[in-house]
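Presented below is the structure to which this report refers.
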Amino acid sequence: MHLVNPDQPGGPVVSQIIEIDAALARRLLEHNPNNRAIRQTRVQQYYDDMISGRWRFNGEAIKFGPDGELLDGQHRLLAIARTSGQKFPMLVVRGLARDTQVTMDQGAKRTPADQLTISGITGHNTTLVAAALRVYIPWLEGNLFGDFTKAKIATTRIVEFATVYPETIALAERFTSVASRLKCRPAVACAVLIRLTEVDENAATEFVRLWDSGADLPAGSPVLALRQRLDIAARTQTRTSDRDQIGLIVTAWNLWRRGRTVSKLLRPKGGFTADNFPEPR
C-alpha cells in the first residue's frame, strides 16, 4: 500500500505485512537512534506472549522514518529478537515524517478490565476482578517471590486464564463487594478468598463472615487478631506489601481452622520467605 506523504515531497508512505524473525528484528533495531528508554518488563510481557502462543497479529505497526530510522515498535522487536525459530507477521510502515514520533502511543491503552469486558468474560466489577487475578495467578504458580513485585501479569495472560477458568472468575465476582470492606487491598482480599474457597467453601464462607463483621469474636480468636492487625495498619497508614497481606490472612485462616488462639498476628522473624510462606490448609 502506498500513500502520499505530504511532509516528504516525492516520498511515499509505504506499508506492508512482513514476517519478522529474530535475525531481522536485530537488523531493524540497528536503526534506532532516538527512541524512549527500554522497559524490560514490557519486553518480557511481549516475549512471554510470543513463545506461549498468545501473541496475535492486530494491525499495530512497526514504524520507520524517511531514512529508515525506527520510530515506534522497539519493544516488540526486542521481544522477537529473543525468540528462536519463530516468525511473527507485523505491519511495517515506512516513510513517516520524523516529527510524527511525538504523537505515537498517545491513545488510552485498554486495561485488563477493558479486555475482560470486551471478551464477554465478565461485566461485574471487572477492574477488581482483573486486579485480583494479577495477585491470584502468581500466587497459584508459586511466584510470590522473585520478580512478583517487579512485573505485572500481561493483559493477554489474564484474559487467557479467565477464559480457561470461568469458575475462578465467578468466585472473584462473588467476593468483589465484601473484599472492598476488609481493610486490606481489595484485590488481595478477593484473591485470598478465592483460594480459601477452593480449600473449603463452607469454612471460607464462615471465615469471611467473621472477618467482615467481627461479631462474637472471643479474645484469642485469630480472626480478631487479623482484624486488629489490619485496623492498626490502616489507622497508622502503614504500607504492607501484597505478599505480607496474603501471608497474614492465610496465617489467621490456618490458626482458625486448627482451633488455635493467638493474642497478636505476627510475621515470622525475619519476615515471610519462600520457605516459610503459609499455604492455606
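The values are calculated or read from the model by the stated rules, or taken from the named source; none is laboratory data. Bear in mind the structure is a predicted one, so any value in this text is a computation, not a measurement. No Cβ is skipped: glycine too gets one built from the backbone with ideal geometry, and neighbour counts run over all protein chains shown. Accessible surface areas use protein heavy atoms only, side chains included; no ligands, DNA or RNA. Shrake-Rupley method; radii C 1.70, N 1.55, O 1.52, S 1.80 Å.
Quick notes on this one:
- Residue in region 248-260 that is without any contact (Cβ under 8 Å) to a residue 12 or more places away in the chain and not charged (D, E, K, R) present: yes
- Tally of residues being at pLDDT below 90 and either closer than 14 Å to Leu128 by Cα or crowded, with 22+ Cβ neighbours inside 10 Å (or both) across region 160-179: 1
- Subset of region 256-278 that is charged (D, E, K, R) and at pLDDT 95 or above - its residue that is least open to solvent (accessible area, probe 1.4 Å): Arg257
- Between Ile153, Ile194, the distinction of being surrounded by 18 or more Cβ atoms within 10 Å (Cβ to Cβ) and part of a loop (DSSP other than H, G, I, E, B) belongs to Ile153 only.
- In the set (1) within 22 Å of Leu116 (Cα to Cα); (2) out of contact with any Leu (no Cβ under 7 Å at 6 or more places or on another chain), the condition left unmet by Thr176 is number (2).
Let's see how each residue does on (1) open to solvent by less than 40 Å² (accessible area, probe 1.4 Å); (2) charged (D, E, K, R):
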| residue | (1), (2) |
| --- | --- |
| Ala23 | no, no |
| Tyr46 | no, no |
| Asp67 | no, yes |
| Asp72 | yes, yes |
| His75 | yes, no |
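- Just one residue in the set Asp231, Asp275 is closer than 24 Å to Glu206 by Cα and among the acidic types (Asp, Glu); that residue is Asp231.
- Qualifying residue in region 135-148 (condition: of a type in the set (Gly, Ala, Ser), modelled with pLDDT under 90 and open to solvent by less than 70 Å² (accessible area, probe 1.4 Å)): yes
- When residues of region 50-62 are limited to those that are assigned to a helix (DSSP H, G or I) and more than 11 Å from Arg76 (Cα to Cα), the one least open to solvent (accessible area, probe 1.4 Å): Ser52
So that you can scan it fast, the table gives a plain yes or no per residue for (1) among the polar types (S, T, N, Q); (2) more than 22 Å from Pro280 (Cα to Cα); (3) surrounded by 12 or more Cβ atoms within 10 Å (Cβ to Cβ):
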residue: Ala219; (1), (2), (3): no, yes, no
residue: Val223; (1), (2), (3): no, no, yes
residue: Arg227; (1), (2), (3): no, no, yes
residue: Ala233; (1), (2), (3): no, yes, yes
residue: Thr240; (1), (2), (3): yes, no, yes
residue: Thr251; (1), (2), (3): yes, no, yes
residue: Asn254; (1), (2), (3): yes, no, yes
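- Screening region 25-35 for residues that are touching a residue at least 12 places away in the same chain (Cβ under 8 Å) and not polar (S, T, N, Q) and picking the one that is most open to solvent (accessible area, probe 1.4 Å) gives Arg26.
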